Structure formats: structure tokens, C-alpha cells
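See structure below.
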């Protein structure tokens, strides 16, 4: 049998269902006192009424109808008869949620009702996940909940289910987004239905993907720093090499970072998508993703040169060798009667790769092999944001350094690339490919 883990946030339906029976007024008073004080989960062991509350409800919890968590977990197990399950109960930052989770675990009801449920554990409570303080709920509680589930994903993504029936309903939109990003099944049952009649509903995967372009662009420069630090001032961010006011504004406008009294933090959505980006990166998918985008852009540039020089021989990825060793790969190679053009297509942030080719003399093979022809080096740089002025300065410096060796060096940039990153039906034209003014 395949072992799967059910992650289940824990709410208070156990207590509301017991109170609905109306047959234990003393227990109700004790419970209302504990609940109304809204004590944080860290006070659980010091709460004097815990033992009394446990004793009053410990028989009731041993039924399929006791609470939404039990009934929905049993429905999930029923849906997958070929699987074994471990259950991780996630209490919020309240005494009553932690109490409910402990009662469900201690009852052993899930294991007794389904032999394929082999283990039920209460995970550490989620600090800050409470509804009395809105900002703490958003900035701390939800952030900790996302990190807790991310830790599970990093360990066992392919064998996870998230049961969103219990817990705070305000967490459902974010858990749904996590399910979409990581392709994790999410299940829900209506709490108003009896266990016998409730239907298990799977939240469908929407036919969408998430755009990690900005994370690819800013991860090493800003986002990684913000994840490590408890807030950075604008001055701190601007001290990071290559970061400008426009970079900060771009991340603010997309709700990836926010300004809290002069300190910048990742937003909740920013943290969620950043975790997904790092997960992709750690699984070596990022290189494939970036390469796909680069290949598409390179193809568009290749198409542009084919149409610009209809009478020339235009080759994609031409490799030059010396002594049976590759010394240069020209992304696009154009051969005319009296001229050859070698084109490099690179993201602006990878400008260092062009510098290395000059330093190693990789381009020297061209004038040696094509004596009597004019050799032109053309470099097409692209970025989803406005090109950093530092890159422009590096281009000028490199151009001046090697202009004597290669009299024909031209630099271009693709303008407004951000408008086309989700549309494959676009073409590079003379208006989009503009020469960098040196």
C-alpha cells in the first residue's frame, strides 16, 4: 500500500457539536470560560480546566459525527481504499484548538474505525494563527502555517493531501493557492452535513500556472535578503548591488513586498510564491523553466534575422572548433557575400558570460576563419524589467576595450519584453529591437 499523509487544520466543531447536544451545562460553562479568554496555545498546560473538559467529552469524541475533522478524514480514507494514511493535526494558536487536536488523537477513533489509518499526531501549534489580531494573523500566523506545510512538501510532496474542512475558513484561499502551486489535492466536506450524508469534495486544479519571472529576476538580489532579515529599509535595499527604486516599485506593485512604517517585508503572497520558487529551484526545475523562456526568445530573434536577411544563409547555433575543440557557439550566424554576423542572445543579468568570451578570446576564431570578409559581432540583451544602468556601463567599458580588435560590434536590447512573456504570438521587429546608444 502507498503511504499518504493527511494534513488537517483543527477547528472547534468538536466542541460546538457537543454543546449542541445541550446535556452538560457545567461542561458548557467551563468551555465558554476557556474559549472566551482566548488564551494562546502556549498556556495549554497551565489551563486548570483542561482535565475537566477532556473528561466531559472523551466519550463523545468516539463517533464518526463528533467533528468535521474526524468525519472528513474517514471520508478521504474511504475514497482511497488502496492507501495507508498518517494524519497530522495542525492546531491553531489557541488553547481550545490544541485541546480539540489532543482529544481527537487520544481517542484513537480514527485508527479504530479504519485500520489503514496507522498514525495520528498533533503537530506543534501554529504561532500567531488566531483571529483576535488581524495583522498578526496575516503576517505571522498565516506565514507560519504556510511554512509548516512547506516543510511537509519538501519532505513528501508526492504523498500529501490537505483536508481543509476544519480550522479557520480565512486560511482556505491561501491553502487553495498552495494546492494549485504544488499540485497537492485539497478535500473538503460540509460541516453542516452528517457523517453519513456528507460528500467529499475535491478542490479542482485550475488550468493556470504561476509566473515566476520576477522571482527569477530578483531572487538573488532582493528576495533572498528579505527572507533572511526581519525587514529592510529602503536604504538597505538600495545598498544591494544593481537594485534601484524601479526594482522596489515593481515588487510592490505586484504585491510581493510591502512597506510597513519604512521597513520592507515580503507579503504573505510573496512568501507563499517564494517558497514555491525555491522548491522548484531546489528540485532543479528552475533551470528547465529558465531555459525554456530563453529558447523561446532566442527563436524569436532567429526568426527576426531570417526575415531581415532573406538572401543570406542564417544558421541557428553554429559551433566553431579549433583542434577538434569547440571554442565558440554562435547563437545565430548570418553569412552574406562580403560579411558575416555572429549574434549572441543573452539575458541582461548574464552579461558576465559575454565578458568571459571576450576575455578568453572565443570570438578571435571568426576573423581568422573569414579573412576578406567583414566580421560583425551583434549582442541582443533582454530583461523583463528596465535594463539596469550598471549593465549599460559594463557594455560601454567592454565595447571600448575590444573595439580595436573588432571594429564592428553592435549592442541591442529587446524593449517591453514583459508585455509578451505570456503571449507566444509576437514577433521581434525593428521597433522592438533597439540599438543601445553608446
Complete set of residues in region 125-143 that are assigned to a helix (DSSP H, G or I) and buried (at least 16 other Cβ atoms within 10 Å of the Cβ): 136, 137, 139, 140, 141, 142, 143
Checklist (1) at pLDDT 90 or above; (2) closer than 19 Å to residue 115 by Cβ applied to residue 42, failing item: (2)
Test: residue 167 is at positive phi, touching a strand residue (DSSP E or B) at 6+ places or on another chain (Cβ under 7 Å), modelled with pLDDT of 75 or more and outside the structural domain of residue 131 (by TED's automatic domain parsing): no
Count - residues of region 148-167 that are crowded, with 21+ Cβ neighbours inside 10 Å and more than 19 Å from residue 205 (Cβ to Cβ): 2
Residue pairs meeting the criteria (Cβ under 8 Å; at least 6 apart or on separate chains; first closer than 19 Å to residue 61 by Cα, in region 20-41; second at pLDDT below 85 and surrounded by 11 or more Cβ atoms within 10 Å (Cβ to Cβ)): 24/56; 26/56; 27/56; 30/56
Flag if residue 362 is in contact with a helix residue (DSSP H, G or I) (Cβ under 9 Å, 6 or more places away or on another chain) and farther than 26 Å from residue 310 by Cβ: yes
Residue pairs meeting the criteria (Cβ under 9 Å; at least 6 apart or on separate chains; first touching a residue at least 24 places away in the same chain (Cβ under 8 Å), in region 223-236; second surrounded by fewer than 15 Cβ atoms within 10 Å (Cβ to Cβ) and assigned to a helix (DSSP H, G or I)): 234/245
Region 1-19: number of residues that are surrounded by 12 or more Cβ atoms within 10 Å (Cβ to Cβ), out of contact with any helix residue (DSSP H, G or I) (no Cβ under 9 Å at 6 or more places or on another chain) and in contact (Cβ under 8 Å) with a residue 60 or more places away in the chain: 0
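The values are calculated or read from the model by the stated rules, or taken from the named source; none is laboratory data. As the structure is a computational prediction, the values presented were derived from the model and not from experiment. Glycine gets a Cβ as well: all are built from the backbone with ideal geometry, and neighbour counts include every protein chain shown.
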